[in-house]
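Participant: Provided herewith is a single structure, encoded as structure tokens, for subsequent inquiry.
The values are calculated or read from the model by the stated rules, or taken from the named source; none is laboratory data. Computed from a predicted model, the values in this text were never measured in an experiment. Backbone-built Cβ (ideal geometry, glycine too); neighbour counts: all protein chains shown.
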Amino acid sequence: MNSFSFPTTILFGAGTLTELPAHLARLRIQRPLVVTDPGLLPTESFRKLQTVLGASRQNQHWFLYHGVHPNPVETDVGETAEAFRAGRCDAVIGLGGGSALDVGKAARLLLRRPGLKLDEFRFEEDWSGLAPFIAIPTTAGTGSEVGRSSVITLTSKRRKAVLFHPGLLARLVILDAELTRRLPPRLTAATGADALTHCIESFTSPVFHPLCDGIALEGIHLITAALPRVFRDGNDLEARGKMLVAAAMGAVAFQKDLGATHSLAHPLSTLCGLHHGTANALCLPAVMQFNAARKPGLYRRVGLACGLDVVGCGDAEADARTSEWVARLLATLGLDQKLSGHGVKESQVEALAEQAIQDPCHQTNPVPVTKDDMKALYRAVL
Ligand SMILES: [Fe+2]
């Protein structure tokens, strides 16, 4: 049996942030807590939100927590819950990249069960009635705004907790391209590559979910056309909007789960400090070649979504042309460096492969992957 669910209301369009007060009224939210990271405070995006919420906090109708770390930790979640209680808030608004959104989502668990340790979170408990959450992304990549999980680092245990529950979903998502126009080209490329990887890995994962497959293919189509445009010109609001919606589509699609690229990428972030999107970009073409060699024809429809004419050619040629085209696209975005260019050393391959094989994402890779395969894949891009 399968169940398919696409429940999030998404407002889309440049300038849509101005609709927020009307939706707060509709949801009967009077005292929201804004959760963001310190880097967002001096930005135009934060100022726009301030303006929309009524300019000043002096009237205490809205509250602010801005302590979220780039890789969010348990204390960020605890402090957010504390700020919520102190302000007697009634909803959380997450503004930022995946980190701020994940912290905003997870803090509601602590409000529901004060004293909860995140590593003791149990899906089976009653999580109904969580405080409403509104997600406003300022990057187009993780798609955390439409996800039902939150990834928080447990500093004392030196590992990440993946909190998953449909109750964590946002009540409302605002995709406003005005909020991503200032994102610098490097971050635009890296986050966009993450979104592209979500679409490609979810489409090719063997889980039966034709709804997500369709969404993933259209996401690939949008990203491959829009990402080079926003990389060249951050003020291209039409392309910025397409990237925002495609990033959300990538995250909706990976309800199906991901693949080996994400398993290789996660340890590159935790052990070597690479940006998640960059790590995906550096590994994706090698994983595509690895998978295609074992499952010929796997990438033909990905190639079609990229706009390639691969209908009439054989499986091997369709796969090769697609993975080469994706590699060239990433190169035009400055994402073609080897791992060694990011400080990764041969001596780290063993530890990286050990973590990669422990990572759950490759369990839905189109073909099985062993630890030796992980090592070979790292070495192929070292
Ligand atoms: Fe990702």
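Participant: Taking Gly98 as the residue in question, decide whether it is closer than 16 Å to Phe133 by Cα, at pLDDT below 95, buried (at least 24 other Cβ atoms within 10 Å of the Cβ) and in contact with a strand residue (DSSP E or B) (Cβ under 9 Å, 6 or more places away or on another chain).
Facilitator: On the way: closer than 16 Å to Phe133 by Cα: yes; at pLDDT below 95: yes; buried (at least 24 other Cβ atoms within 10 Å of the Cβ): yes; in contact with a strand residue (DSSP E or B) (Cβ under 9 Å, 6 or more places away or on another chain): yes.
In short, yes.
Conditions (1) of a type in the set (Asp, Glu); (2) farther than 27 Å from His266 by Cβ; (3) in contact (Cβ under 8 Å) with a residue 40 or more places away in the chain, marked per residue:
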site: Gly312; (1), (2), (3): no, yes, no
site: Asp319; (1), (2), (3): yes, no, no
site: Val326; (1), (2), (3): no, no, yes
site: Leu330; (1), (2), (3): no, no, yes
site: Gly341; (1), (2), (3): no, no, no
site: Glu346; (1), (2), (3): yes, no, no
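Participant: Another one. So Val162 clears everything in (1) part of a strand (DSSP E or B); (2) more than 20 Å from Lys117 (Cα to Cα); (3) within 16 Å of the ligand (Cβ to nearest atom); (4) among the β-branched types (Val, Ile, Thr) except one condition, right? Which one?
Facilitator: (2)
Participant: I've got another one for you. List, please: which pairs have Cβ atoms under 8 Å, are six or more places apart or on different chains, and start with a residue in segment 13-29 that is under 23 Å from Ala140 (Cα atoms) and end with one that is at pLDDT 95 or above and in a loop (DSSP other than H, G, I, E, B)?
Facilitator: Partner pairs satisfying both residue conditions: Gly13/Asp176; Ala14/Asp176; Gly15/Asp176; Thr16/Asp176; Leu17/Asp176.
Participant: Give the residues of segment 10-47 that are over 23 Å from the mean Cα position of the chain (by Cα), in a helix (DSSP H, G or I) and surrounded by 15 or more Cβ atoms within 10 Å (Cβ to Cβ), sorted by residue number.
Facilitator: Glu19, His23, Leu24
Participant: While we're here: Starting from residues that are touching a residue at least 24 places away in the same chain (Cβ under 8 Å) and buried (at least 21 other Cβ atoms within 10 Å of the Cβ), keep the ones in segment 299-310 and report whichever is farthest from Pro185 (Cα to Cα).
Facilitator: It comes out as Tyr299.
Participant: Continuing with the same structure: Quick test for you: out of Arg122, Arg113, Arg88, pick the one residue that is free of Cβ contacts under 8 Å to residues at least 60 places away in the same chain, out of contact with any strand residue (DSSP E or B) (no Cβ under 6 Å at 6 or more places or on another chain) and closer than 28 Å to His198 by Cβ.
Facilitator: Arg122
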